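*Asks:* Supplied in structure tokens, the structure appears directly below.
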Amino acid sequence: MKKISIIVAAMTLALGLSQCKKEQPTTANGNDAVAITLDIKNNGGSRMDVNTSTGEVTYETGDVIYVASGGTFIGTLTHNGTNFAGTITNPTVGEPLHFYFLGNVTPAETLTTGTTTTCSVVISDQTEHLPVIEYAPSNETYTAGATTFTAHLLNKCALVKFNVTTASEAATCITGMKNKVTVNFAENTLTHSQEGNGVITLPSGIGEKWAILLPQEAVEAGEEGSAYSEDGDYTGTCGAVPAIYENGYLIAGIEVNVTNEVNPGEVPVGAISGKFTINADGDQVYFSKGNLQYQASTNTWRFAGSQWNYMGDGNSNISETYDGWIDLFGWGTSGYNHGANCYQPWSTSTTASDYYAYGEYTYNLYDQNGQADWGYNAISNGGNTANIWRTLTDNEWNYVINTRNTTSGIRYAKAKVNNMNGAILLPDNWTTTTYALNSTNNSLEDFTSNTITASDWSNVFEANGAVFLPAAGNRGGTTVNDVGSGGYYWSASYDNNYGARCLYFSSVSFYTTYYSRDYGPSVRLVRDVE
């Protein structure tokens, strides 16, 4: 899933809206599309990183403002590097326009101009950017032919500092917070509520961490489990949180301690607890807690922060110097010079033979010294030790999907998890009473056969060892395809002088096949159960 840049706001900003240009004359009833340009007067169109000294927010290219009028959503305005610009439809004469900045979190609902009266966003994920929420009406009412609007966009949340102690390299989660904003375009109000356990996910690491909190009553110091590491390996406590008010700026620091190890010595760091049999001998593996990701600028490997996360179109930026994360890789691109012409994770050659493991098409990733396998790397949130993870072979993928015996009789099911299409793999000991799934072990079923919330996934499925493979698409050169509709996952097995074996699924299929080595599917690593 693509991460959208968002930033902290903790003080009132002046928002100057000008240069409103009509595409055609506006009727007295406002029954026309109107192109509007919003000039942000105070920041020159650039955005800073988090300014924790002032709490100031500015904007950057791609930021989106939602506009309402007459009780409904009427369009969006997008920052183009200098101004906000976009088209609004049927603004109501004699009333102000209403502007909402929702932290660039995509609303859960589909918005239709002239029809949608409410929408909502959940601001749980704050691992990389902070989802500020802002609102203001225009100072002027809309009139036919109007060309200028002004408003002060007001901060509707607070910037809060946490002092984090953790033994985990994963992100830190705190619970019990209001993390959902519901916008009522009819009343032009924002209400705040708690989605699931009220999780706010902070960046990984020890020290000062800043978060956006929504207005709420004071929360008492939590018991054990009120804070935990996102990988589930550690639990802890979150200190008392004072009452949160709009435009707040809390710098004292709330103590968060996440150091108590969960099931020490049992499930490996970075792994899901479920065990999956991979062959007739009964050997089992743990799956990693997310798809494999790589950052070229720091030469760092990690697992995605959640099982449904993927980078999608961000993979089109793949390069040796790209400072974002990628998760679609040519076959055998582990970064070790094992003999292939293309062995680096950022390789984009479209010649299949450039990706021969160890320089010959008849080798598998696990042959020779194993360095062609991505699991040979130290994974930063997977134990940070080289050569402890690996890629499943083609036979092992087939056994997991089509052959193994399980307590429930269920091996897999298509699903939408947190609104992401993909496939669920159930561990060997899964029971049918844990959760009722539809159309299981059926490759022809659509993703919509099962719809599972983020809360149910975390608290029921992942807590009981289930694996989710998102339909993260594939990459050819720098072109990304099938995001959200197709899942492609490499195996460690070669097929012929052109392709290697790959697990593939869509809304009407689920099987292993061969795929050109130069294409970039996802990678989901496993660890052998000792």
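*Asks:* Among the numbered criteria (1) out of contact with any Ser or Thr (no Cβ under 6 Å at 6 or more places or on another chain); (2) closer than 25 Å to Glu109 by Cβ; (3) surrounded by 16 or more Cβ atoms within 10 Å (Cβ to Cβ); (4) of a type in the set (A, V, I, L, M), which single criterion is violated by Val460?
*Replies:* Result: Val460 fails condition (3) only.
*Asks:* Which strands (runs of 3 or more DSSP E) does segment 161-271 wholly contain that include 1 or more residues that are aliphatic (A, V, I, L, M)?
*Replies:* Filter on segment 161-271 gives 172-174, 180-184, 189-193, 200-202, 207-213, 227-229, 248-261.
*Asks:* From Leu111, Leu97, grab the single residue that is of a type in the set (A, V, I, L, M, F, W, C), part of a loop (DSSP other than H, G, I, E, B) and closer than 12 Å to Val67 by Cα. Walk me through how you get there before you give the answer.
*Replies:* Working: Leu97 fails: part of a loop (DSSP other than H, G, I, E, B).
Matching residue, one of Leu111, Leu97: Leu111.
*Asks:* Now for a separate question. Where the second residue is among the β-branched types (Val, Ile, Thr) and part of a loop (DSSP other than H, G, I, E, B) and the first is surrounded by fewer than 19 Cβ atoms within 10 Å (Cβ to Cβ) and lies in segment 373-391, which pairs have Cβ atoms under 7 Å and are six or more apart or on separate chains?
*Replies:* Ala378/Thr385; Gly383/Val269
*Asks:* Next up: Of the residues in segment 407-421, how many are in a loop (DSSP other than H, G, I, E, B) and in contact (Cβ under 8 Å) with a residue 60 or more places away in the chain?
*Replies:* Matching residues across segment 407-421 total 2.
*Asks:* Here is a further query. May I ask you to verify whether Trp301 is outside any loop (DSSP other than H, G, I, E, B) and touching a helix residue (DSSP H, G or I) at 6+ places or on another chain (Cβ under 8 Å)?
*Replies:* It is true that Trp301 is outside any loop (DSSP other than H, G, I, E, B) and touching a helix residue (DSSP H, G or I) at 6+ places or on another chain (Cβ under 8 Å).
*Asks:* Kindly list the number of the only condition in (1) surrounded by fewer than 22 Cβ atoms within 10 Å (Cβ to Cβ); (2) touching a residue at least 12 places away in the same chain (Cβ under 8 Å); (3) hydroxyl-bearing (Ser, Thr, Tyr) that fails for Thr166.
*Replies:* If we test Thr166 against (1) surrounded by fewer than 22 Cβ atoms within 10 Å (Cβ to Cβ); (2) touching a residue at least 12 places away in the same chain (Cβ under 8 Å); (3) hydroxyl-bearing (Ser, Thr, Tyr), just (1) comes out false.
*Asks:* I would also like to ask the following. Checking the condition under 29 Å from Asn405 (Cβ atoms) and hydroxyl-bearing (Ser, Thr, Tyr), which residue from Ser229, Ser288, Ser319 passes?
*Replies:* None of the others qualify; the one that does is Ser288.
*Asks:* Restricting to segment 329-354, count the residues that are touching a strand residue (DSSP E or B) at 6+ places or on another chain (Cβ under 8 Å) and not in a loop (DSSP other than H, G, I, E, B).
*Replies:* Matching residues across segment 329-354 total 1.
*Asks:* Considering (1) assigned to a loop (DSSP other than H, G, I, E, B); (2) farther than 25 Å from Ala271 by Cβ; (3) over 24 Å from the mean Cα position of the chain (by Cα), say which one Gly370 fails and leave the rest.
*Replies:* Condition (2) is where Gly370 drops out.
*Asks:* Follow-up. Scan segment 422-444 residue by residue and report those that are assigned to a loop (DSSP other than H, G, I, E, B) and either of a type in the set (A, V, I, L, M) or in contact (Cβ under 8 Å) with a residue 40 or more places away in the chain (or both).
*Replies:* Filtering segment 422-444 for residues assigned to a loop (DSSP other than H, G, I, E, B) gives 426-444.
Leu426, Pro427, Asp428, Asn429, Trp430, Ala436, Leu437, Ser443, Leu444, listed by residue number.
Computed from the coordinates by the stated procedures, all read-outs in this text should not be read as laboratory data. Since this is a predicted model, take the numbers as computed values, not measurements. A quick note on method: Cβ atoms are made from the backbone with ideal geometry, for glycine too, and the neighbour counts reach across all protein chains shown.
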